[in-house]
1. Exactly one condition in (1) at pLDDT 95 or above; (2) under 22 Å from A:Val115 (Cβ atoms); (3) open to solvent by less than 40 Å² (accessible area, probe 1.4 Å) is false for A:Cys92; which is it?
2. Name the residue that is modelled with the lowest pLDDT, counting only residues in region B:52-107 that are within 15 Å of B:Gly29 (Cα to Cα) and basic (Lys, Arg).
3. Mind listing whichever residues of region B:74-95 are surrounded by 15 or more Cβ atoms within 10 Å (Cβ to Cβ) and more than 12 Å from B:Tyr36 (Cα to Cα)?
4. Condition test on A:Ser87, is it farther than 30 Å from B:Leu33 by Cβ, touching a Ser or Thr at 6+ places or on another chain (Cβ under 6 Å) and open to solvent by 10 Å² or more (accessible area, probe 1.4 Å)?
5. Name the strands (runs of 3 or more DSSP E) wholly inside chain A in which the number of residues that are more than 28 Å from B:Val4 (Cα to Cα) is 1 or more.
6. Determine whether region A:18-33 contains at least one residue that is of a type in the set (Phe, Trp, Tyr) and free of Cβ contacts under 8 Å to residues at least 60 places away in the same chain.
7. Output the residues belonging to region B:63-73 that are touching a residue at least 12 places away in the same chain (Cβ under 8 Å) and either out of contact with any strand residue (DSSP E or B) (no Cβ under 6 Å at 6 or more places or on another chain) or open to solvent by 40 Å² or more (accessible area, probe 1.4 Å) (or both).
8. Here are A:Tyr35, A:Tyr48: which of them is touching an Asp or Glu at 6+ places or on another chain (Cβ under 6 Å) and surrounded by 15 or more Cβ atoms within 10 Å (Cβ to Cβ)?
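The values are calculated or read from the model by the stated rules, or taken from the named source; none is laboratory data. Fair warning: this is a prediction, and the values are worked out from it, not measured in the lab. Neighbour counts run over all protein chains shown; Cβ positions are idealised from the backbone, glycine included. What goes into the accessible areas is simple: the full protein's heavy atoms, side chains included, and nothing from ligands, DNA or RNA. Shrake-Rupley method; radii C 1.70, N 1.55, O 1.52, S 1.80 Å.
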Amino acid sequence: DAGVIQSPRHEVTEMGQEVTLRCKPISGHNSLFWYRQTMMRGLELLIYFNNNVPIDDSGMPEDRFSAKMPNASFSTLKIQPSEPRDSAVYFCASSQDGYSGNTIYFGEGSWLTVV
Amino acid sequence: AQRVTQPEKLLSVFKGAPVELKCNYSYSGSPELFWYVQYSRQRLQLLLRHISRESIKGFTADLNKGETSFHLKKPFAQEEDSAMYYCAPRSYNTDKLIFGTGTRLQVFP
C-alpha cells in the first residue's frame, strides 16, 4: 500500500481564495483524521471520521473550515475564504477501527501558504 | 480536561549523551500513550507505545501512572535521532489521538 496520500503537497494561494486539500486513506482503514501543524501550536486535531461519519469536529477553528468524507477512500478539507493565519501543514491520517491501540498512519502533509 | 504537556520545545545534546524527553498528561480514565517522531520533511510515524513495552531505536518510555508521565529516554543519543518528538495519549474508547506541542531534539556531533 502507498500509505495515506495527500494532495496537493504544496499550495500557495492569495487571501480570500478557496483552498481544498485532499486525502486518500489506507485501504481498509475506517478512521480518518485531519490535523494542522504550526510552530506555535504544534499538532492540532481538527476533525475525525469513523466509517465516513464525522465523530468529533470540535477542533475545527471556525466556519471557514469544512471537511467531508463522501466515501471510504476520499476526504477533503476546505477553507473558504482562506486567511494568512491558516498557513500551516495539514496532515491527514488513517487507522483501522480503534478501541484496541491500532496505529495511526500519517500522510506526508499539505504545506499551505496564504499570502 | 484532556491535556498533554511537553515542557521543552528544544532539547540539544551532544552525540553519546543521555536524552530524556518529558511528557505529562492529564486524562480521564487510563489512556494509551504513544510517542511519534517526525524526521526532517518526513511524515509522522509511530515510535513506540506503552502497551508494547518495547525499545525502538534504543528509545524506551515508561508509563508512570502516579506522576501521569510518559517520558522518552535513550541512554546514548545519535545524530540521526535529531527530529521532532510528539507525545500522544489516547482514550481506550476512542480513536482520537491528541498530540503535545512537541519537542525538537538536536543531537550535535
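1. (2)
2. In this case the residue turns out to be B:Lys96.
3. Taking region B:74-95 as the starting set, the residues that turn out to be surrounded by 15 or more Cβ atoms within 10 Å (Cβ to Cβ) are B:74, B:77, B:81-91, B:94-95.
Scanning region B:74-95 gives B:Lys74, B:Ala77, B:Asp81, B:Ser82, B:Arg90, B:Ser91, B:Thr94, B:Asp95.
4. When the stated conditions are applied, A:Ser87 passes them.
5. Details: elements: A:5-7, A:10-13, A:19-24, A:31-38, A:42-50, A:53-56, A:65-71, A:74-79, A:88-95, A:110-114.
Because the criterion is at least 1 residues that are more than 28 Å from B:Val4 (Cα to Cα), the strands (runs of 3 or more DSSP E) in chain A that meet it are A:5-7, A:10-13, A:19-24, A:65-71, A:74-79, A:110-114.
6. no
7. Those that are touching a residue at least 12 places away in the same chain (Cβ under 8 Å) and either out of contact with any strand residue (DSSP E or B) (no Cβ under 6 Å at 6 or more places or on another chain) or open to solvent by 40 Å² or more (accessible area, probe 1.4 Å) (or both): B:Leu63, B:Lys65, B:Glu67, B:Thr68, B:Lys73.
8. Values: A:Tyr35 fails: touching an Asp or Glu at 6+ places or on another chain (Cβ under 6 Å).
Every option except A:Tyr48 fails the conditions.
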